[in-house]
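Structure first, commentary second.
The values are calculated or read from the model by the stated rules, or taken from the named source; none is laboratory data. For clarity, every value in this text was computed on a predicted model and none was experimentally measured. Ideal geometry is used to build each Cβ from the backbone, glycine not excepted, and the neighbour counts take in all protein chains shown. These accessible areas exclude ligands, DNA and RNA; they are computed on the full protein's heavy atoms, side chains included. Shrake-Rupley method; radii C 1.70, N 1.55, O 1.52, S 1.80 Å.
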Amino acid sequence: MTYPRTHAAGRRAGTTPSRDGGRPAGGVRPQVPPRRGPGGRRVLAALLVLGLLASVLPWWLDTPAGSLRTTAATLTAAGRITGLVAGYLLLVQVLMMSRLPLLERWIGGEQIARWHRDLGATLLVAVLAHAALILVGYADLEDKPILTEAGVLLRDHEDMVSAFAAAGVLVLIGFTSVRAIRRVLPYELWHALHLASYLALLLGFGHQFSNGAQLFRPGPVRTLWIAMYVVVVAALVWGRVVAPLAFNLRHRLRVADVVAESPDTISIYLTGDRLGELDLLGGQFFRWRFLTRGCWWQSHPFSVSAAANDRWLRLTVKVVGAYTRDLRDLDPGTPVWAEGPSGTFTAAHRTGDRALLIAGGSGITPIRAVLEELPPGSALIYRARTPADVLLHRELDWLAQARDVRIWYVIGSRNDPGPRQVLTPDGLRGLVPDVVRRDVYLCGPPGLVAQSLAVLRQAGVPRRQVHLATFEL
Amino acid sequence: MRRALLAITGLAASTTAMVVLKSGPGASQVAQELPAAGQPVAPAPDGPAPTDGGAGPEASPSGAASPRPRRSATRAPATRPTAGATSGARLPSAPRTSSAPARPTTRTVTGPVVENEYGNVQVRITLSGSRIVDAVALELPEETAQSDQRSQQVDDRYSGTSGLVVQQQGADLDTVSGATATSTSYRQSLQAAIDRAN
C-alpha cells in the first residue's frame with residue numbers, strides 16, 4: 001500500500017520542513033533495554049497492602065474479643081475501622097499522585113491513574129461509611145437523635161468542624177470524578193477541585209489525633225501515623241518540586257521546531273542540554289508545560305514519539321482542542337518544563353522477546369518509540385481512519401527494515417469490514433500465529449482498546465503480557 | 001470500575017468480618033466481671049488480690065497502651081500523704097511494722113466493676129479506721145478521646161486524698177456535668193466499696 005504525502009497540509013507558515021520524517025537521529029542509542037520484570041511493581045503493591053493491614057491492626061489489638069456487645073459499640077467499631085482505612089487510603093491517594101520518580105517508573109503513570117481512580121471510589125465510600133457509622137453509633141450510645149448528635153460532635157469534639165469540611169471536599173472531588181459528570185465539566189474546574197484534596201488532607205488531619213480512639217494517646221501508633229504523613233509530604237515535595245527542578249535545570253528543554261505530520265497532527269521537536277544522559281525509554285511520557293503566555297499554566301502528558309537520542313526529543317500531538325491548537329504556534333526557543341519520564345509502556349517491561357503492537361490513530365506515537373527498542377521480529381497492526389491519517393509512516397517503513405518489523409495498515413473506522421475482520425481472535429491469529437506467546441502493546445482510542453482487550457482475552461493472551469498506554473480515566 | 005466495586009465490597013466484607021470476630025458471645029466478658037462483682041469485702045491484707053483479679057483481665061487486652069496506670073501513677077505521689085498506702089503490695093506489712101500501735105491501720109477496699117455504655121468503672125478506697133483517706137479509680141471509660149476527657153474530669157473531682165470522696169466521706173456526690181454516666185457508675189462502685197468496708 002502507498003499513501004499520499006500528508007505533511008504539507010497542516011503545517012503552519014514559516015516552519016522548516018520536517019526532518020525528513022524524523023529519520024532516527026545521529027546518536028545511535030536505540031538498543032534493546034534489559035528486561036525489568038514485574039518485581040518492583042509487586043513489591044510496591046505488597047507494601048501498600050501491608051500498610052493497609054497495619055493501619056487497622058491497632059484497632060484489632062485495642063479491641064478485646066467479645067467486647068462489642070451493643071449495637072452502639074458495633075457501629076462505632078465499624079466506624080473506627082472505616083476511619084482508619086479512609087485515613088490510610090487518603091494518604092495512599094496523595095502519595096500515588098506525588099509523581100515520585102520511583103512510582104512513576106516502577107508502577108507507571110497510567111497504572112497509577114487507574115489505581116487512583118479505583119481507590120478513589122473506595123476512599124469515598126470509606127469516608128462516608130466512617131462518618132455515618134460513627135454518627136449513628138454515638139447517637140445510639142447517647143440515645144440522641146442523629147441530627148442532635150451531629151451537633152454535639154461539631155460543638156463538643158475538637159477538630160470536628162474541619163473534619164466535616166474535609167469529608168465535604170472529598171465527596172465533592174469524588175462526585176466530580178464520576179465519569180459521566182467529569183465529561184461535562186471543564187477540565188480546569190475538575191483539576192482545581194482535585195487540587196482541593198490537599199485541603200482535605202490538611203482539614204482531616206486534626207480530628208484523627210484529637211478524637212481517634214487508636215490515635216489520641218501518645219504512643220507508637222500515633223507516632224507511626226504521623227510518620228506516614230511526614231513520608232507522604234516528603235514524597236510530594238520530592239516528586240513535585242525537587243525532582244522536576246533538578247531535571248529541568250539539568251536538561252533545559254526548549255522547542256526546536258514544530259512540524260506537521262498530518263492535517264491534524266503535529267510533532268514538536270525539543271532540544272536541551274545533556275540529552276544523552278536522559279534516563280528515557282521509548283513509550284514513556286512526560287508531563288509537558290510549554291512556557292508561553294497562553295500555555296504555561298497547563299501541564300499535559302504526551303508520550304515521546306521516538307526513542308531517546310542525544311540530539312532531540314519529540315512529541316507528536318493530535319490537535320483536538322484549544323490547547324493543542326495553540327501548540328501549533330510554538331516558537332522555536334520556547335522553554336519547556338517537563339516532569340518525567342514516566343510509564344511502563346516500554347520495551348523494558350516486555351515479558352518475552354516477541355511483540356505484537358496494536359495502534360489506533362495517534363496512538364501510534366508511543367508505539368513508534370517502543371518499536372525502536374524492541375528486539376527484532378515484532379509485528380505491528382496500525383489502524384487509521386483514512387490513508388491521510390497514517391502518521392510517521394516513513395519512520396515505520398524504516399523500522400520495518402531496520403528492526404525486521406512486519407506492519408499491517410488497517411484503514412477504515414472500527415466498524416468497517418476490514419478492521420472488523422482483523423480484530424477478531426481468528427483475524428489476529430491469521431496475521432500473527434504465535435500471538436498467545438507475544439507481548440501485546442496497545443495504544444489507541446478507548447473503543448479500540450476495549451475491543452482489542454476483549455479479542456486478546458478470547459484469543460488467550462495472558463493479561464500480564466498486555467501493555468496499555470491509555471490513562472483510561 | 002470493576003476493581004473499584006471489588007475493593008468496596010472487600011472493605012465492607014472485611015469490616016463486617018472484623019466486627020463480628022470481635023463481638024462474639026461475650027462469655028469471657030461476663031466471666032471477668034463475676035469475680036470482681038461477687039468478691040467478698042476485701043480488707044487490707046487481701047486488698048491487692050481482688051484488685052488484680054478484677055482489673056487484670058480487663059486491662060490486659062488493651063495492653064500497655066492503657067493510660068489508666070499512668071494516670072493513677074502520676075497522681076499518686078503528688079497527692080497522697082502516706083507513703084504506705086501508695087503501694088498495694090507493701091500495704092499489709094508496712095504500716096504495721098513501721099508505725100506506732102496507737103495509729104490506726106489503713107486498709108484498701110476495692111469496689112466492683114460497674115459497667116456503663118462507655119466502659120467500666122471501678123473504684124478503690126483507702127480507709128484509715130472507718131475514715132476514707134483516699135479514693136482511686138482503677139478503671140474508667142477511656143476508649144474514645146471524649147470519654148477519656150470526661151473520665152479525667154470525674155477522676156479529678158472525686159478521686160485523690162482531697163477529692164470529693166474524702167471530703168464527703170460517702171458516695172453522695174454531685175454529678176460531674178457532662179459526665180453523668182461515669183459519675184453514676186463511680187458512685188455505685190464507691191458505695192459498694194464503702195458497704196464492704198463497714
Requested in this report: List the relative contact order of segment A:347-468 as a percent without decimals, with contacts defined as Cα pairs under 8 Å and 6+ residues apart.
Outcome: 32 percent
Query raised in the report: Which of the GluC sites (Glu not before Pro) found in segment A:322-391 are loop residues per DSSP with 13 or fewer other Cβ atoms within 10 Å of their Cβ?
Result: none
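Please go through segment A:277-348 and write out the trypsin sites (Lys or Arg not before Pro) that DSSP classes as loop and that have at most 11 other C-beta atoms within 10 Å. All intermediate terms of the calculation are to be shown ahead of the outcome.
Details: sites: A:287, A:289, A:293, A:311, A:314, A:318, A:325, A:328; in loops: A:293, A:311, A:328.
Here the sparse-neighbourhood loop sites are A:293.
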Query raised in the report: What percent does the relative contact order of segment A:39-243 come to when contacts are Cα pairs within less than 8 Å and at least six residues apart?
Result: 26 percent
Report summary line: Of the candidates A:400, A:157, A:125, the farthest towards the positive dipole end of chain A (Lys/Arg Cβ +1, Asp/Glu Cβ -1, centred on the Cα centre) is A:400
Report summary line: Relative to chain A, whose Cα atoms define the longest principal axis, helix A:39-62 and its Cα axis are tilted in degrees, nearest 10, by 10 degrees
Report task. Calculate what fraction, in whole %, of the accessible area of segment B:106-197 sits on carbon and sulfur atoms when a 1.4 Å probe is rolled over the protein chains. Result -> 40 percent
Query raised in the report: Using unit Cβ charges (K, R positive; D, E negative) and no other charged atoms, how large, in debye to the nearest 20, is the dipole of chain A about its Cα centre?
Result: 1120 debye
Query raised in the report: Roughly how tilted is helix A:393-402, in degrees to the nearest 10 and between 0 and 90, from the longest Cα axis of chain A?
Result: 80 degrees
Report task. Please work out whether segment B:106-197 counts as rounded, prolate or oblate from its C-alpha gyration tensor, where a ≥ b ≥ c are the square roots of the eigenvalues and a/c under 1.5 means rounded, while otherwise a/b larger than b/c means prolate and anything else oblate? Result -> prolate
Query raised in the report: Rolling a 1.4 angstrom probe over the protein heavy atoms, how many square angstrom per residue are accessible across segment A:39-243?
Result: 46 Å²
Requested in this report: Please state the charge dipole magnitude for segment A:360-473, taken about the Cα centre, from unit charges on C-beta atoms (+1 on K and R, -1 on D and E), reported in debye and rounded to the nearest 20.
Outcome: 300 debye
**Report entry** Lys/Arg +1, Asp/Glu -1 at C-beta; segment B:106-197 dipole; positive extreme among B:180, B:190, B:169
**Finding:** B:169
Query raised in the report: If we sort A:54-65, A:355-366, A:220-231 on the protection proxy, mean other Cβ atoms within 10 Å, highest first, what's the order?
Result: A:355-366, A:54-65, A:220-231
Query raised in the report: Assuming R0 = 60 Å, what is the FRET efficiency of residue A:188 and residue B:156, from their Cβ-Cβ distance, to the nearest 0.05?
Result: 0.65
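Suppose all protein chains stay in the model; what accessible area per residue would a 1.4 Å probe give for segment A:402-444, in Å²?
Details: 2070 Å² over 43 residues.
On a per-residue basis, 48 Å².
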Requested in this report: Only Lys, Arg, Asp and Glu count, each charged at its Cβ (+1, +1, -1, -1), so figure out the dipole size of segment A:232-370 about its Cα centre, rounded to 20 debye.
Outcome: 160 debye
Query - Between segment A:282-312 and segment A:410-473, the Cα center-to-center distance that results, in Å - result: 27 Å
Query - Alpha-carbon centroid distance for the pair segment A:157-182 / segment A:357-393, whole angstrom - result: 42 Å
Report task. Calculate I(q)/I(0) for chain A by the Debye formula, one identical point scatterer on each C-alpha and no solvent, and give its log10 at q = 0.09 Å⁻¹ to two decimals. Result -> -0.69
Requested in this report: Compute the long axis of helix A:109-142 from its Cα atoms, compare it with the longest principal axis of the Cα atoms of chain A, and write down the angle in degrees, 0 to 90, nearest 10.
Outcome: 10 degrees
Query raised in the report: How large is log10 I(q)/I(0) at q = 0.14, 0.20 Å⁻¹ when the Debye formula is applied to the Cα atoms of segment A:325-381, each weighted equally and without solvent?
Result: -0.55, -0.84
Query - Inter-site label distance for residue A:326 and residue A:421 at 7 Å from Cα along Cβ, in nm - result: 4.6 nm
Query - Low-density loop cleavage sites - chymotrypsin sites (Phe, Trp or Tyr not before Pro) in segment A:266-300, where at most 12 other Cβ are within 10 Å (DSSP) - result: A:297
Query - Length-normalised contact order of chain A in % [C-alpha pairs under 8 Å, at least 6 apart] - result: 18 percent
